[in-house]
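See structure below.
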Protein chains: 2
Amino acid sequence: MATIKAYGAKSSDAALEELQIERRDLNPKDVKISIDYCGVCHSDIHTVRNDWGGSKYPVIPGHEIIGRVEAVGEDVSAFKVGQTVGVGCMVDSCRSCPSCQHDLEQFCEEGMVGTYNGKDKHLGGHTFGGYSQQIVVDEHFVLNVPENLDLKATAPLLCAGITTWSPLRHWNVKKSDKVGVIGLGGLGHMGIKFANALGAHVVMITRSENKAQDAKKLGAHEVLISKDQSEMKKHMNSFDFLLNTIPVKHDMNPYLSLLKRDKTMCLVGAIEPLEPMHGASVILGRKRVSGSLIGGIKETQEMLDFCGEHNITCDVEMIKMQTINEAYERVTSSDVKYRFVIDMKSL
Amino acid sequence: MATIKAYGAKSSDAALEELQIERRDLNPKDVKISIDYCGVCHSDIHTVRNDWGGSKYPVIPGHEIIGRVEAVGEDVSAFKVGQTVGVGCMVDSCRSCPSCQHDLEQFCEEGMVGTYNGKDKHLGGHTFGGYSQQIVVDEHFVLNVPENLDLKATAPLLCAGITTWSPLRHWNVKKSDKVGVIGLGGLGHMGIKFANALGAHVVMITRSENKAQDAKKLGAHEVLISKDQSEMKKHMNSFDFLLNTIPVKHDMNPYLSLLKRDKTMCLVGAIEPLEPMHGASVILGRKRVSGSLIGGIKETQEMLDFCGEHNITCDVEMIKMQTINEAYERVTSSDVKYRFVIDMKSL
């Protein structure tokens, strides 16, 4: 075991501070990664603050990890020392249930092991995430990162990226489909980039007129202001797919009216109770509400390869580890375009 | 035009009473039907009482119509005088929009014409339904009824039947699928019969233990009492499809927990606002909530043919036209197994 430096919270009302944590020695299939960058996801904040309940302290957040391979176990075949790699939201799963067999480890029937606050099968206790110098991960959960990309800006692909890529692919968004991305934050900005790169006609749907210009720069072909009833009416029954990235409780009914018959709105933001849905919103037009959770490892690699080919990264603002508490405040007030990434050299 | 006897309401607080209405003369594609039986659907009551708003009086309800062809227009090819036929919830649509072209007239983009309280394109005003001696309908919206069936008990197939058949077919319920039918009323009892006939393992899901015996007689293989937390837990993540026939506001979240990954719960009962759905209920397991509205004409004919082959009809209680007001009271207190049918000879 190696004791390393990390940044985390000792309790739900504590600010993040420097801590010492332990990483396991290498098993035959393990990859030891020296972390260069780690994105700041809203889930980090929810876990640190125990918003969802069940947080285990100390919490060392971070599941948008980019680094270099420092060492590999004797049976590791896919990675070499020095290679640039990524780790996302999972570091393990049962590998044998139907979901795992279908490359959908995020839906592992025994429960996937989260990169932080998951159940550590090796050391006992819980897992520690990427706000740290190093991480040791089974090679199955390590991603190859295309070297041509700006590495700082690839970190959030491991969560914000795959969370939006997976539903666009699962619901088969293709050239000329009319796709709405609802909400412009960390998830929404990647939704726009991916839907655009897949050839869709992308409509940014937002309550805030001041997001229109940014949305167009990111690749939206149109902006629909959801507060404008007459504009909403013009777009009724016209969308092939809606990616709903709103991270808080909201009313789904106006958005469902935008879908064509038999089409889907997929939730990726809000896990909490939503405003009441009318039965008629799905009965009339046989519409569908679904949701999606990150993506499997195979699909995450496909996304990274696609990003390499199309030169897609996230829009990020770099911070030092020591300013993380300020960054958290800015994330909660939506004051970031569009993701903070920690430069781990600062640790 | 012919003036005929009908039964209906003059205003939302009036009881139903005998009225005179007019039926149009035959157009070339029209079929004149002498009505033998008409089912009593909960929608009839909602419309009579203006529960959904927008009712037009006098309301002559009835969209589960069985009768005999009395005359045909000169261009009618599919029907002959004396033949037993049915009319369901629609009597017209635009015939040219994508939904109509796909045999989904119920989702006609100009709006399908309801059998009652629809916009009458021929006489102006609104359409009058099946609580009457006769009806005149374009042959496209007339169904052929297999003669081997007990005709009294076929009437509710035209609404309760197709409403449950269509989603089971659309979501491809097949042999050995584990299918849950939620709620045992007019819709639920047909859901059980159809899912059983399609070869599924059928689980009746209900709050009322006293419905268990009936559910099994109708074809349910198991009964799951939804108030029993430990039983619900045993069935978590195990269903291939859920047909939700609950006709009132309710909490969908416990039912969503029963679905396997990527599977669908389809609403066919409640059009009103439901209890808040948790985003997590669909995000975890990429589950789907959808809805379904009756079915297209082609699919309704397929259902009737299937019923003829498998000798499937509804469980009905026959009433005279003059006792309709009592029947309405009994429907609203769920005191019917499982559908009232009016013997129109009584009119």
Quiz item: Could you give the dipole magnitude of chain A about its Cα centre, charging the beta-carbon of Lys and Arg +1 and that of Asp and Glu -1, in debye to the nearest 20?
Solution: 1080
Quiz item: For the stretch B:161-291, what is the charge dipole size about the Cα centre, in debye to the nearest 20, if Lys and Arg each add +1 at the Cβ and Asp and Glu each add -1 at the Cβ?
Solution: 380
Practice problem: Take every residue in peptide B:264-271, count the Cβ atoms of other chains within 10 Å of its Cβ, and give the average of those counts. | Solution: 4
Quiz item: What residues have an amide H closer than 5 Å to that of A:F340, excluding those fewer than 5 places away on the same chain, when H is modeled at 1.01 Å from N in the peptide plane?
Solution: A:V40, A:E317
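Ranking B:L123, B:L149, A:L256 by Cβ neighbours within 10 Å, fewest first, what do you get?
Details: B:L123 15, B:L149 18, A:L256 23.
Listing B:L123, B:L149, A:L256 from fewest to most nearby Cβ atoms yields B:L123, B:L149, A:L256.
Out of the trypsin sites (Lys or Arg not before Pro) in the stretch A:184-225, which ones are loop residues according to DSSP with at most 15 other C-beta atoms within 10 Å? Intermediate values should be presented prior to the final figure.
Numbers: sites: A:K193, A:R207, A:K211, A:K216, A:K217; in loops: A:R207.
Answer by residue number: A:R207.
Just flag the chymotrypsin sites (Phe, Trp or Tyr not before Pro) in the stretch B:1-70 sitting in loop per DSSP whose Cβ has no more than 11 other Cβ atoms within 10 Å. Kindly include the intermediate steps, with their values, before the conclusion.
Numbers: sites: B:Y7, B:Y37, B:W52; in loops: B:W52.
Listed in order of number, the matching sites amount to none.
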Quiz item: Who wins for biggest fluctuation among B:S230, B:S208, B:S43 in a Gaussian network model of chain B, springs between alpha carbons below 10 Å?
Solution: B:S230
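Using a Förster radius of 25 Å, what is the FRET efficiency between B:N325 and B:R24 based on their Cβ-Cβ separation? Nearest 0.05, please. Can you show the working numbers first?
Numbers: r = 29 Å, r/R0 = 1.16.
My answer for the efficiency is 0.30.
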Quiz item: For the stretch B:161-291, what D do you get in µm² per second when you plug the Kirkwood radius from alpha-carbon pairs into Stokes-Einstein at 10 °C and 1.306 mPa s?
Solution: 111
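For a quick check of your reading of the filter: which GluC sites (Glu not before Pro) in the stretch A:145-231 sit in a DSSP loop and have no more than 10 other Cβ atoms within 10 Å?
Details: sites: A:E147, A:E209, A:E222, A:E231; in loops: A:E147.
For GluC sites (Glu not before Pro) across the stretch A:145-231 that sit outside H, G, I, E and B with at most 10 neighbouring Cβ atoms in 10 Å, the list reads A:E147.
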Practice problem: Taking a label point 7 Å out from Cα toward Cβ, give me the nm distances from A:E309 to the same spot in the other copies, shortest first, one decimal. | Solution: 4.4
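Using a Förster distance of 30 angstrom, determine the FRET efficiency expected from the C-beta separation of B:E231 and A:K174, and round it to 0.05.
Working: r = 43 Å, r/R0 = 1.43.
Once the sixth-power term is evaluated, E becomes 0.10.
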Practice problem: Taking each label point as 7 Å beyond Cα in the direction of the beta carbon, state the distances from A:Y57 to the same residue in the other copies, shortest first, in nm. | Solution: 6.6
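May I ask you to sort A:M318, B:M232, B:M252, B:M190 by Cβ crowding, counting other Cβ atoms within 10 Å and putting the fewest first? Spell out each step's value before the answer.
Values: A:M318 12, B:M232 17, B:M252 24, B:M190 32.
By the 10 Å Cβ count, ascending, the order reads A:M318, B:M232, B:M252, B:M190.
Apply the Kirkwood formula to the stretch B:151-207: the hydrodynamic radius equals the inverse of the mean of 1/r over all pairs of different alpha-carbon atoms; give it in Å with one decimal. Mind dumping the intermediate values first?
Values: mean 1/r = 0.0881 Å⁻¹.
Taking the inverse mean of 1/r over all distinct Cα pairs, the stretch B:151-207 comes out at 11.4 Å.
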Quiz item: Which value in nm describes the separation of the simple spin-label points at B:A71 and A:V248, placed 7 Å from the Cα toward the beta carbon?
Solution: 6.6
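Quick one: work out the % antiparallel among DSSP beta bridges in chain A, nearest 5. Mind showing how you got there, number by number?
Details: 34 of 61 bridges.
Roughly 55 percent of the beta bridges in chain A run antiparallel, per DSSP.
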Quiz item: Gap in Å between the Cα centre of the stretch A:196-221 and the Cα centre of the stretch A:78-122?
Solution: 33
Quiz item: Inter-copy label distances at A:Q229, 7 Å along the Cα→beta-carbon direction, one decimal in nm, shortest first?
Solution: 4.4
Quiz prompt | At R0 = 45 Å, FRET efficiency that the Cβ-Cβ distance of A:K217 and A:S11 yields, to 0.05 | solution = 0.65
Quiz item: What ³J(HN,Hα) values, in whole Hz, does the Karplus curve 6.51 cos²θ - 1.76 cosθ + 1.60 give for the stretch A:208-218 when θ = phi - 60°, with x put for Gly and Pro?
Solution: 9, 4, 6, 8, 4, 5, 4, 4, 5, 4, 6
Quiz item: Ordered by residue, what ³J(HN,Hα) values in Hz, to whole numbers, does the stretch B:342-347 give under the Karplus form 6.51 cos²θ - 1.76 cosθ + 1.60, where θ = phi - 60° and Gly and Pro are x?
Solution: 7, 7, 6, 4, 6, 6
Quiz prompt | Cα-centred dipole magnitude for the protein assembly as shown, charges only on beta-carbon of K, R (+1) and D, E (-1), debye, nearest 20 | solution = 0
Quiz item: Using modelled amide H (1.01 Å from N, peptide plane; none on Pro or chain starts), what sits under 5 Å from the amide H of A:G129, excluding residues fewer than 5 places away?
Solution: A:I60, A:N117
Exercise. In whole Hz, with x marking every Gly and Pro, tabulate ³J(HN,Hα) for the stretch A:6-21 from phi via Karplus 6.51 cos²θ - 1.76 cosθ + 1.60, θ = phi - 60°.
Key: 8, 10, x, 10, 8, 8, 5, 9, 8, 6, 6, 8, 5, 9, 10, 10
Practice problem: Mind checking which of B:S176, B:W52, B:S77 is farthest towards the positive end of the stretch B:34-192's charge dipole, using Cβ charges of +1 (Lys, Arg) and -1 (Asp, Glu) about the Cα centre? | Solution: B:S176
Practice problem: State the three equivalent ellipsoid semi-axes of the stretch B:1-62, derived from the C-alpha gyration tensor as the square roots of 5 times its eigenvalues, in descending order and whole Å. | Solution: 24, 13, 12
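If Lys and Arg each add +1 and Asp and Glu each add -1, what is the summed charge of the other residues whose beta carbon sits under 10 Å from the beta carbon of B:S257? Could the numbers behind the result be given before it?
Numbers: positive: B:K233, B:K287; negative: none.
Value of the local net charge: +2.
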Self-check item: Virtual spin-label span in nm between B:R95 and A:C97, 7 Å along Cα→Cβ
Solution: 5.4
Exercise. Report, in cubic angstrom per residue, the convex hull volume of the C-alpha atoms of the protein assembly as shown.
Key: 160
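Suppose only helical runs count, i.e. DSSP H with n ≥ 4. What mean residue ellipticity at 222 nm does that imply for chain B under -39500 (n - 2.57) per run, divided by all residues and rounded to the nearest 500 deg cm²/dmol?
Numbers: 10 runs with 79 residues, N = 347.
So the helix-based figure for chain B works out to -6000 deg cm²/dmol.
As a test of understanding, state the convex hull volume per residue of the stretch A:243-347 from its alpha carbons, in Å³.
Working: hull volume 16.4 nm³, N = 105.
Per residue, the Cα convex hull of the stretch A:243-347 comes to 157 Å³.
Return a whole-number percent for the relative contact order of chain B, with Cα pairs under 8 Å and 6 or more residues apart as the contact set. Could you put the intermediate results ahead of the total?
Values: 821 pairs, mean separation 61.7, N = 347.
About 18 percent, as a whole number.
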Exercise. Using 0.36 nm per residue of separation minus the Cα-Cα distance, give me the extension gain between B:S34 and B:R261 in nm, one decimal.
Key: 76.8 nm
Exercise. List the extent of the Cα atoms of the stretch A:1-151 along each of their three principal axes, largest first, rounded to whole Å.
Key: 43, 34, 31
Quiz item: For A:S55, what is the net charge nearby, where nearby means another residue's Cβ is under 12 Å from its Cβ and Lys, Arg count +1, Asp, Glu -1?
Solution: 0
Quiz item: For chain B, with equal point scatterers placed on the C-alpha atoms only and solvent neglected, what are the log10 I(q)/I(0) values from the Debye formula at q = 0.06, 0.08, 0.13 1/Å, to two decimals?
Solution: -0.21, -0.37, -0.98
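Where a number appears in this text, it was derived from the coordinates with a stated rule and is not lab data. None of these values were measured; they are calculated from a predicted model. Don't worry about glycine lacking a Cβ; one is built from the backbone with ideal geometry, like all the others, and counts go over all protein chains shown.
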